[in-house]
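The values are calculated or read from the model by the stated rules, or taken from the named source; none is laboratory data. Here the structure is a predicted model, which means the values were calculated and not measured. All Cβ positions, glycine included, derive from the backbone under ideal geometry; neighbour counts span all protein chains shown. Heads up: the accessible areas ignore ligands, DNA and RNA and are worked out on the full protein's heavy atoms, side chains in. Shrake-Rupley method; radii C 1.70, N 1.55, O 1.52, S 1.80 Å.
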Amino acid sequence: MEFVIVTGLSGAGKTRAMHAMEDIGFYCVDNLPPALIPVFYDLCDKSEGIQRRIAVVTDTRGGELFKSFFKALETLKAQNRPYKILFLDASDAVLVNRFQETRRKHPLAETMQGSLEQAVRLERDMLRPVREISDYVIDTTNYPAARLKARISSLFLKNDSDAIAVHCVS
């Protein structure tokens with residue numbers, strides 16, 4: 001089974017990455033609390049009929065729950081469960097701009113009394129240890145959606161012919 005944990009900074013493109021992974025055959029789950037990652041891995045491994053390519057997105061949206069991230073990884077290692085970590089990043093200025101454009105609230109904005117810039121810096125500091133152990137790091141600062149999709153495909157698609165999808169709209 002191929003198991004990928006997708007994480008990174010809020011606004012860096014985790015949702016777009018998840019959609020790209022779905023397009024190349026991954027079964028994706030968004031906003032999974034880290035403590036449930038080993039449980040979900042086990043369910044996927046034991047169940048019949050579920051995809052053999054799994055991606056889960058976990059990040060600071062879970063608040064206090066994210067603190068169990070490294071414990072979840074230790075559990076997977078202790079159980080000899082292979083996984084990869086994909087970390088998405090972008091410059092502070094781009095992240096702030098993306099939040100301002102979408103008018104979405106940053107998950108740590110309340111912690112920083114509403115300061116978006118401080119929330120981005122706090123999240124970057126919180127996630128630095130995760131970034132350091134990641135197998136793949138993609139800086140999406142200058143990535144349009146199509147380029148991110150192509151990069152995800154190049155990382156996780158074994159054969160380009162597996163990605164052919166035809167949609168006819170009339």
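A compact table of results
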{"item": "LYS46 under 19 Å from the mean Cα position of the chain (by Cα) and of a type outside the set (S, T, N, Q)", "result": "no"}
{"item": "Residue check for ALA55: at pLDDT below 95, buried (at least 20 other Cβ atoms within 10 Å of the Cβ) and of a type in the set (A, V, I, L, M, F, W, C)", "result": "no"}
{"item": "Pair list, Cβ < 6 Å and 6+ apart or interchain, from segment 1-13 residues that are farther than 21 Å from LEU157 by Cβ to residues that are open to solvent by 10 Å² or more (accessible area, probe 1.4 Å) and of a type in the set (A, V, I, L, M, F, W, C)", "result": "GLY11/PHE99"}
{"item": "Residue list for segment 78-93, filter: basic (Lys, Arg) and closer than 13 Å to VAL39 by Cα", "result": "ARG81"}
{"item": "Of residues in segment 1-19 being farther than 14 Å from THR140 by Cα and over 8 Å from the mean Cα position of the chain (by Cα), the one most open to solvent (accessible area, probe 1.4 Å)", "result": "HIS19"}
{"item": "In segment 150-170, residue modelled with the lowest pLDDT [restricted to those that are closer than 22 Å to TYR83 by Cβ and in a helix (DSSP H, G or I)]", "result": "ASP162"}
{"item": "Long-range neighbours under 6 Å by Cβ, at least six apart or interchain, first residue within 13 Å of ARG81 (Cα to Cα) within segment 34-62, second part of a loop (DSSP other than H, G, I, E, B)", "result": "TYR41/ARG81; CYS44/ILE50; ASP45/MET1"}
